[in-house]
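Novice: Here it is, the structure, as structure tokens.
The values are calculated or read from the model by the stated rules, or taken from the named source; none is laboratory data. Predicted, not measured: the structure shown is a model, and the values here were computed from it. Here the Cβ positions follow ideal geometry from the backbone for every residue, glycine too, while neighbour counts run over all protein chains shown. Just so you know, the surface numbers come from the protein's heavy atoms only, side chains and all, with ligands and any DNA or RNA stripped out. Shrake-Rupley method; radii C 1.70, N 1.55, O 1.52, S 1.80 Å.
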Amino acid sequence: MATHKLLLLPGDGIGIEVMPEVIKVIDWFQARGVAGFETETGLVGGSAYDAHGQAISESDMALATESDAVIFGAVGGPKWDAVPYDVRPEAGLLRLRKDLALFANLRPAICYPALADASSLKREIVENLDIMIVRELTGGVYFGEPKEIIDLGNGQKRGIDTQVYDTYEIERIGRVAFELARKRGNKVTSSEKRNVMKSGVLWNEVITALHKREYADVTLEHQLADALGMQLVRWPKQFDVIVTDNLFGDMLSDIAAMLTGSLGMLPSASLGEMNPKTGKRKAMYEPVHGSAPDIAGQGIANPIAMIGSFGMALRYSFGLGDAADRLDKAIADVLASGLRTADIKGNATSTCSTGQMGDAIVAALDKASA
Ligand code: NAD
């Protein structure tokens, strides 16, 4: 039985409340002999700042680098609003992404039939939706130089951000998208703004050439990012895998998030380059939501995004697609049974706690394997 090293970083707020529910699931798979997991737990965000004066300590960074996957909760909260900028809670998350070189952000948007009424769109538009947004995470306008505000000396200032992509960055994110599509619906939609941006022209050329050279068996289409935003709310089921840059991916994945009803349902994965010697890649798995200070400490957070993030680790880091399918089915079964946390209450008459939702998912795993 293979043993995988996990670093658990619960973080702050509801991150601390949803992580124990993942541990129940990790323990379940371990007890069933599906895989061995060696877990370490560290601090990140405000809790790390309180302990060490840093958003993540060097020793926890070393553990993250040595791990096969980081399982991350959420960071932030009003308690740390006034801490210095470079040690603010989010700095821990950004350091992990940067030092582990996690360039590919995978955000599935899945709408379980039992939750179709929680979406702001009509049931027939979103029911059984299953799309994957692949966002480039370490390049583009969020990182390009120059990035500054300059004083023009005439009472005016100029804010500058630089959108910049090199061929290799577009190729490696394109590969992630094409490889994923081959295991799903075999279709990739690439998105940019080539009508007004040079980086969009290059993006389009590189993805087209990569497709022709290595992935001609996959269907490829291109959509301008503004049109794609419109299509996502008009008829999202036309998409399988969407690949786009850092800025457009940020926006389009949040639009897709709303299709599924609640932030508490959305997992994500961030992947680094494959090491050709070991066949492994650095990876971090985290819910899309934040630390939710408005409900933290009440035991009512939805743990499904966090548990689903571990499901993505099973699938994308450990090659345990069957186990991931079992976990996805357990979540769907629990939702079909009518159990609801407050954020997905809909028309339900009662709601359950974070712990009750985690227990129900483990019980559904038990039931399905009995
Ligand atoms: P948020 O995601 O924390 O919360 C937005 C809304 O969704 C809140 O009403 C919250 O109660 C609800 N919500 C989120 N997750 C939920 C869950 N699992 N179950 C039930 N309800 C849930 O976003 P925010 O309020 O904009 O930010 C709060 C803090 O989190 C800020 O400090 C922000 O910087 C930080 N943040 C961190 C991350 C991260 O760690 N990756 C991401 C986003 C925001």
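Novice: So which pairs qualify, if the first residue must be in segment 196-215 and over 21 Å from Asp161 (Cα atoms), the second must be surrounded by 14 or more Cβ atoms within 10 Å (Cβ to Cβ) and of a type in the set (Asp, Glu), the Cβ gap must be under 7 Å, and the two must be at least 6 apart or on different chains?
Specialist: Asn204/Glu192; Val206/Glu171; Leu210/Glu171
Novice: Can you tell me which of (1) open to solvent by 10 Å² or more (accessible area, probe 1.4 Å); (2) touching a residue at least 24 places away in the same chain (Cβ under 8 Å) is the one Arg315 doesn't meet?
Specialist: With respect to (1) open to solvent by 10 Å² or more (accessible area, probe 1.4 Å); (2) touching a residue at least 24 places away in the same chain (Cβ under 8 Å), Arg315 is out only on (2).
Novice: Can you name the condition, by its number, that Gln231 falls short on among (1) modelled with pLDDT of 95 or more; (2) crowded, with 22+ Cβ neighbours inside 10 Å; (3) closer than 22 Å to Lys193 by Cβ?
Specialist: (2)
Novice: Failed condition for Glu58, given (1) at pLDDT 95 or above; (2) charged (D, E, K, R); (3) within 16 Å of the ligand (Cβ to nearest atom), with all others met?
Specialist: Condition not satisfied by Glu58: (3).
Novice: Of all the residues that make up segment 81-106, how many are open to solvent by less than 30 Å² (accessible area, probe 1.4 Å) and either over 29 Å from Phe318 (Cα atoms) or within 12 Å of the ligand (Cβ to nearest atom) (or both)? Give the steps one after another, and end with the answer.
Specialist: Within segment 81-106, the first condition is being open to solvent by less than 30 Å² (accessible area, probe 1.4 Å), and the residues that meet it are 83, 87, 89, 91-93, 96, 100, 102-106.
Pick out the ones that are also either over 29 Å from Phe318 (Cα atoms) or within 12 Å of the ligand (Cβ to nearest atom) (or both) and you get 83, 87, 89, 91-93, 96, 105.
Number of matching residues: 8.
Novice: Which one of these does Ala257 not meet: (1) within 16 Å of the ligand (Cβ to nearest atom); (2) assigned to a strand (DSSP E or B)?
Specialist: (2)
Novice: Among the residues of segment 329-350, what is the count of those that are surrounded by fewer than 18 Cβ atoms within 10 Å (Cβ to Cβ), of a type outside the set (Gly, Ala, Ser) and under 21 Å from the mean Cα position of the chain (by Cα)?
Specialist: Here the count works out to 1.
Novice: Checking Ile304 against (1) in contact with a helix residue (DSSP H, G or I) (Cβ under 7 Å, 6 or more places away or on another chain); (2) more than 15 Å from the ligand (Cβ to nearest atom): exactly one of these is not met. Which one?
Specialist: (2)
Novice: Residues of segment 282-301 being more than 9 Å from the ligand (Cβ to nearest atom) and either surrounded by 20 or more Cβ atoms within 10 Å (Cβ to Cβ) or of a type in the set (A, V, I, L, M, F, W, C) (or both), which ones? Break it down into steps so the answer makes sense when it comes.
Specialist: So in segment 282-301, the residues more than 9 Å from the ligand (Cβ to nearest atom) come out as 282-285, 297-299.
Those that are more than 9 Å from the ligand (Cβ to nearest atom) and either surrounded by 20 or more Cβ atoms within 10 Å (Cβ to Cβ) or of a type in the set (A, V, I, L, M, F, W, C) (or both): Lys282, Ala283, Met284, Tyr285.
Novice: Considering each residue of segment 1-13, count those that are in contact (Cβ under 8 Å) with a residue 40 or more places away in the chain and either over 19 Å from the mean Cα position of the chain (by Cα) or open to solvent by 10 Å² or more (accessible area, probe 1.4 Å) (or both), and give that number.
Specialist: 5
Novice: Right, another one. Just checking, how many residues over segment 27-64 are hydrophobic (A, V, I, L, M, F, W, C) and surrounded by fewer than 16 Cβ atoms within 10 Å (Cβ to Cβ)?
Specialist: 3
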